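Inspection log for the structure reproduced underneath, given as structure tokens.
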């Protein structure tokens, strides 16, 4: 069965080029030229992943992402202007799973899509009905839900993966290269801050309003190596 991709891009030439390339790689592509049509397609049709341009003529891509996140945890890859780090940071804060700068290499886009789809498929195969409890956190793999002190945590698919890896290695250092491969399904490239942004957002959600003055975060940065999860006392 072909994976169905929703491509939301207002540049007709680029959208057509990417759609043809993705189709040539065995993906079933649905296209939208603006945010409104993209939201409608995401709601009306079953899709496995969304490729979303930030610069759209009617609804800003980040607003489209916010509305999607209000309805679904569907994986989303952003198309961003090269060098616009602010857009990428906000995109991750809103709930993007990955990004690729424009103009993008179609081959790299396919690689990012396939890595994300493999990760999601692997999670579905390995999820069980048994809840995992670590300190004040409760993980329900079958529904991919996370609770902290009984309250639901709204995590993106990527944040959920990162947390799962860190919890499985609680108390030990997880190297950034390993965490990138295990959680995002791709290698860590030089100057790529994608993982750092996801961890920052995850840390904020776990610690927001719960830390005493001077108390370290439960996700500690081990400079030059990676990250370590410590259960709160």
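The values are calculated or read from the model by the stated rules, or taken from the named source; none is laboratory data. Since this is a predicted model, take the numbers as computed values, not measurements. Cβ coordinates were reconstructed from backbone atoms using ideal geometry, including for glycine residues, and neighbour counts include every protein chain displayed.
Criterion first (free of Cβ contacts under 8 Å to residues at least 60 places away in the same chain and in contact with a strand residue (DSSP E or B) (Cβ under 6 Å, 6 or more places away or on another chain)) does residue 36 satisfy it? So residue 36 does not fit the description; no.
Checking the structure you have, find out if any residue of segment 66-75 is under 21 Å from residue 189 (Cβ atoms) and either assigned by TED's automatic domain parsing to the domain that holds residue 185 or surrounded by 15 or more Cβ atoms within 10 Å (Cβ to Cβ) (or both). Yes, some residue in segment 66-75 is under 21 Å from residue 189 (Cβ atoms) and either assigned by TED's automatic domain parsing to the domain that holds residue 185 or surrounded by 15 or more Cβ atoms within 10 Å (Cβ to Cβ) (or both). Tell me whether segment 116-128 contains one or more residues that are at pLDDT 90 or above, in contact with a helix residue (DSSP H, G or I) (Cβ under 9 Å, 6 or more places away or on another chain) and either part of a helix (DSSP H, G or I) or surrounded by 17 or more Cβ atoms within 10 Å (Cβ to Cβ) (or both). No, that holds for no residue.
When segment 2-40 is filtered for residues that are assigned to a loop (DSSP other than H, G, I, E, B) and over 17 Å from residue 78 (Cα atoms), the ones remaining, listed by number, are 2, 3, 25, 26, 27. Right, residue 58: over 13 Å from residue 7 (Cα atoms) and part of a loop (DSSP other than H, G, I, E, B) or not? Here the answer is yes, as residue 58 does meet what is asked.
Looking across 2, 43, one residue alone is loosely packed, with under 15 Cβ neighbours inside 10 Å, out of contact with any strand residue (DSSP E or B) (no Cβ under 8 Å at 6 or more places or on another chain) and over 15 Å from residue 106 (Cβ atoms). It is 43. Can you find a residue that is under 20 Å from residue 85 (Cβ atoms), exposed (fewer than 14 other Cβ atoms within 10 Å of the Cβ) and outside the structural domain of residue 72 (by TED's automatic domain parsing) anywhere in segment 197-207? Looking for residues that are under 20 Å from residue 85 (Cβ atoms), exposed (fewer than 14 other Cβ atoms within 10 Å of the Cβ) and outside the structural domain of residue 72 (by TED's automatic domain parsing), one finds at least one in segment 197-207, hence yes.
For segment 84-111, the set of residues classified as at pLDDT below 90 and part of a helix (DSSP H, G or I) consists of 85, 86, 87, 88, 89, 90, 91, 92, 93, 94, listed by residue number.
For (1) assigned to a loop (DSSP other than H, G, I, E, B); (2) within 20 Å of residue 90 (Cα to Cα); (3) in contact (Cβ under 8 Å) with a residue 24 or more places away in the chain; (4) assigned by TED's automatic domain parsing to the domain that holds residue 88, each residue gets a yes or a no:
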site: 133; (1), (2), (3), (4): no, no, no, no
site: 138; (1), (2), (3), (4): no, no, no, no
site: 164; (1), (2), (3), (4): no, no, yes, no
site: 171; (1), (2), (3), (4): yes, no, yes, no
site: 179; (1), (2), (3), (4): no, no, yes, no
site: 186; (1), (2), (3), (4): yes, no, yes, no
